[in-house]
Amino acid sequence: MGRLKTPLLLQRGYPKSDRLGRIKKLDLSNLQLQTKDLDLKLLNRMKQLKELDLSDNLLEKVPEGLDLPCLQVLKCSNNQLEDVTPLQQFTALEEVDFEDNLYLTVNDNYKISSLLPNIRKINGKETASLMNHVKILNRELTSRVTAYWEKNYKDQPGSRAQARDIHKEFVKSAVKDVRYGPESLSDFTQWKVKMIAQQLVASKLTRKGASSEEVSPSEEVSPSEEVSPSEEVSREDDLSPETPGTPRTLATPAGASNPEYMESMELRPMHFLQCHSKGNSPEDFSTQLWACAFEPTWNDSPGLPGGPSQTVATCGGEAVCIIDCQTGLVLHRYKVPGEEFFTVAWTCLTLVTQDGRKKRSSVLAAAGRRGVVSLIHVRAGFCYGDIRAHRKPIAMACFSPSQETHLFTASYNKRIILWDIGLPDCNYHFRPSQLLTLDTSATPLRLCPVPSCPDHYLLAGCEDGCFAWDIRMEESQKRRDFEMVFLFPQGPEQAHKRVDGLGFVSEDIVASKGCTPGSICLWSWSQSLARRGDKQHVTAIILAELQWSSTELSYLTLSTCPEKAFVFCGDEEGSVWMYNVSRYLEQQQPSKAKVAPTKILRWPDLSARGQKMHKTLINTAVADPTFTYLVALTDTNIIAIWKKL
């Protein structure tokens with residue numbers, strides 16, 4: 001795009017004027033702008049600007065030095081932002097939208113609420129409850145930091161030279177030792193503890209005659225000085241990459257409310273691995289792990305699954321790992337520098353060997369931030385090709401259960417594409433082709449071909465609801481909008497809401513998460529469809545609600561085990577909630593009471609290098625089809641593997 005010029009600002013500003021100082025709204029979206037293209041001198045002339053739209057660009061950061069005293073609304077979604085602290089310069093800001101910035105998380109929502117007292121909406125949501133939570137956290141953290149000072153540093157000498165050393169040591173120690181709240185908010189709490197500690201020391205030193213220049217406001221919030229998890233946590237050598245860890249004791253799990261459907265539910269912790277570390281570093285507890293999938297075993301008939309599997313593929317950071325759950329050995333590790341893998345999916349292809357024989361072989365598709373699908377021949381141990389599927393990151397990929405070469409990819413560009421990946425020849429040459437493009441109104445998060453009609457319908461959980469598309473290939477139109485949107489009857493204000501967990505428990509029963517806080521819905525595909533008529537909006541016929549964590553965190557993905565009629569979902573405390581839902585699969589009438597979990601598997605008592613490994617957020621938990629092994633992936637670079645006894 002190049003640097004901004006006055007004619008463009010006047011053209012895109014409102015109301016129309018020949019002076020920048022009179023413009024109140026400015027739309028700079030979809031211009032491929034980078035941070036260096038923002039001319040601060042020009043923008044700072046717009047003293048009356050109230051609304052600025054920078055969405056759908058390539059901004060790495062919001063530059064410091066923007067003097068926009070009247071700015072109330074800032075839109076910067078779909079960029080490449082990594083830090084929200086520069087937004088504190090907009091003191092009048094009331095609404096901000098930074099969705100679809102890959103490296104921003106729920107921690108950044110908390111930072112914004114802490115930095116901007118006038119903020120009313122973040123990413124389209126009211127902030128009242130969030131602001132209240134921030135106040136509670138701030139009060140508790142302030143109390144703990146103060147107590148930490150009184151206990152360890154109160155009587156330290158106070159000369160100016162010694163005071164500087166006290167300041168540095170106390171701030172560093174406080175960030176390391178003062179903890180409160182769930183592990184999923186550790187980035188925010190560490191950042192907040194640092195600010196509180198610096199302010200506390202500054203006030204103490206000022207009372208003792210120390211120069212007020214020792215702690216400046218810019219030093220208090222400088223993101224470059226934040227302590228990373230790798231500086232705080234260590235671990236034992238037996239947790240080295242590609243080596244199984246040794247857990248301590250497993251906490252006693254909660255009981256079940258449906259004992260008549262209880263079965264042997266003892267699970268033994270097998271391995272705790274750290275095989276996705278950056279540079280194989282034993283100090284890496286910050287790489288987030290996103291998805292895992294068990295390798296299917298196959299009968300002689302194509303497309304039909306066979307017996308149990310103990311091989312699982314996991315992805316996170318720059319790596320995809322293939323792990324033997326029984327031994328804990330990492331069989332293969334595929335790495336792409338600069339990539340961040342979000343999804344993996346298995347298929348089994350009929351390959352032709354050099355001597356002309358046909359052989360069934362497992363192929364793994366892996367994709368992520370680069371928008372590229374990597375096809376890995378697992379037994380051969382290498383990636384035989386890439387498909388440049390999307391221009392934006394790929395959130396989810398899955399193969400058709402009926403067509404072994406058909407792969408669905410869902411991207412942040414709000415599209416789902418159906419690919420035929422083709423069959424590689426003996427030299428691994430292949431020719432992929434694009435079959436369908438399905439348009440979405442928001443980012444698709446989960447994909448599920450409907451088991452009873454996998455060549456007719458695709459179901460998807462998206463940022464703004466649950467949708468279904470007609471995917472029949474005999475239809476001539478190759479680009480399609482959704483055919484149905486499913487409404488969950490919790491009131492009109494929640495009719496369209498993020499569905500971040502989705503899976504079929506049987507050919508008919510769907511488990512979905514996101515529409516009702518603190519619960520997972522079981523609903524009937526066939527009953528919902530039967531009441532559709534010719535309407536596009538379809539009310540989901542809910543049969544039961546499964547009681548789950550009351551957390552407000554999103555993107556904690558559920559999984560299903562149809563062969564055993566189980567649903568699994570992790571939470572923000574490191575627990576895995578497990579539900580045996582067999583009694584609801586033939587149910588026609590909704591259950592009135594929420595269904596308690598059959599078992600809650602607590603995060604085990606782990607230690608590394610003499611320190612406790614604190615509870616962690618479980619991004620996903622998946623069982624193999626026979627429910628022999630359960631694998632949980634965390635946001636702290638730990639893979640946990642249990643075996644059912």
I want to verify the translational diffusion coefficient of the chain in µm²/s; compute it with Stokes-Einstein, Rh as the Kirkwood radius over Cα pairs, at 25 °C and 0.890 mPa s.
92 µm²/s
DSSP-loop trypsin sites (Lys or Arg not before Pro) across segment 434-514, with at most 15 other Cβ within 10 angstrom
472, 478
Within the chain, longest stretch free of exposed chymotrypsin sites (Phe, Trp or Tyr not before Pro) [DSSP loop, at most 14 other beta carbons within 10 Å]
104-427
As straight-line cross-link partners of residue 25, the qualifying lysines (C-alpha separation under 17 Å, not fewer than 8 residues apart within one chain) are 5, 16, 47, 50, 75
Convert 20 °C to kelvin, take the viscosity as 1.002 mPa s, use the Kirkwood radius over C-alpha pairs of segment 302-425 as Rh, and evaluate the Stokes-Einstein diffusion coefficient in µm²/s, rounded to a whole number.
143 µm²/s
Give the residue from 6, 66, 128 lying farthest towards the positive end of the charge dipole for segment 1-142; charges sit on Cβ (+1 for Lys and Arg, -1 for Asp and Glu) and the dipole is referred to the Cα centre.
6
Rounded to the nearest 10 Å², the accessible area of residue 67 at probe 1.4 Å
80 Å²
Dipole of segment 493-611 (Lys/Arg Cβ +1, Asp/Glu Cβ -1, origin at the Cα centre): which of 587, 603, 547 lies farthest to the positive side?
587
Can you list the GluC sites (Glu not before Pro) in segment 420-502 that are in a DSSP coil and have 13 or fewer other beta carbons within 10 angstrom?
474, 475
So if I place +1 on the C-beta of Lys and Arg and -1 on the C-beta of Asp and Glu, and nothing else carries charge, what would the dipole magnitude of the chain be about its Cα centre? I want it in debye, nearest 20.
1240 debye
Treating only the Cβ of Lys, Arg, Asp and Glu as charged (+1, +1, -1, -1), what charge dipole size does segment 478-578 show about its Cα centre? Round to the nearest 20 debye.
500 debye
Per-residue HN-Hα couplings for segment 404-410 [Karplus 6.51, -1.76, 1.60; θ = phi - 60°; Hz; x = Gly/Pro]
5, 9, 8, 10, 8, 10, 10
Surface accessible to a 1.4 Å probe, per residue, for the residues of the chain, Å²:
44 Å²
With θ set to phi - 60° and the Karplus curve 6.51 cos²θ - 1.76 cosθ + 1.60, what are the ³J(HN,Hα) couplings of segment 117-131 in order, to the nearest whole Hz, using x for Gly and Pro?
x, 8, 5, 10, 9, 10, 6, x, 10, 4, 9, 4, 5, 5, 4
Taking the Cα centre of each part, how many Å lie between segment 551-613 and segment 70-111?
32 Å
Where in segment 4-63 are there trypsin sites (Lys or Arg not before Pro) that are in a DSSP coil and have at most 10 other Cβ atoms within 10 angstrom of their Cβ?
16
Diffing segment 432-444: the Karplus 3J(HN,Hα) column from phi (6.51, -1.76, 1.60, θ = phi - 60°), in whole Hz with x for Gly and Pro, holds x, 9, 8, 9, 9, 10, 10, 8, 10, 8, 7, 4, x
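Cβ under 10 Å from residue 421's Cβ, residue 421 left aside: what net charge do those residues give with Lys, Arg +1 and Asp, Glu -1?
Overall, the nearby charge balance is -1.
Give 125/592; 111/172; 36/192; 41/125; 61/194 a once-over and call out the pairs whose C-alpha atoms are over 24 Å from each other.
Distance filter (> 24 Å) returns 125/592; 36/192; 41/125.
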Using the crude model of +1 on Lys and Arg Cβ and -1 on Asp and Glu Cβ, and no other charge, please compute the dipole size for segment 516-645 relative to its Cα centre, in debye to 20.
260 debye
Quantify, in whole percent, the carbon and sulfur part of the accessible surface of the chain (1.4 Å probe; protein heavy atoms only).
48 percent
With unit charges on the beta carbons (Lys and Arg positive, Asp and Glu negative) and the dipole taken about the Cα centre of segment 302-457, which residue among 364, 312, 383 sits farthest to the positive side?
383
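The values are calculated or read from the model by the stated rules, or taken from the named source; none is laboratory data. Predicted, not measured: the structure shown is a model, and the values here were computed from it. FYI the Cβ positions are ideal-geometry reconstructions off the backbone, even for glycines, and counts take in every protein chain you see. To get the accessible areas, we keep the full protein, side chains included, count just its heavy atoms, and leave off ligands, DNA and RNA. Shrake-Rupley method; radii C 1.70, N 1.55, O 1.52, S 1.80 Å.
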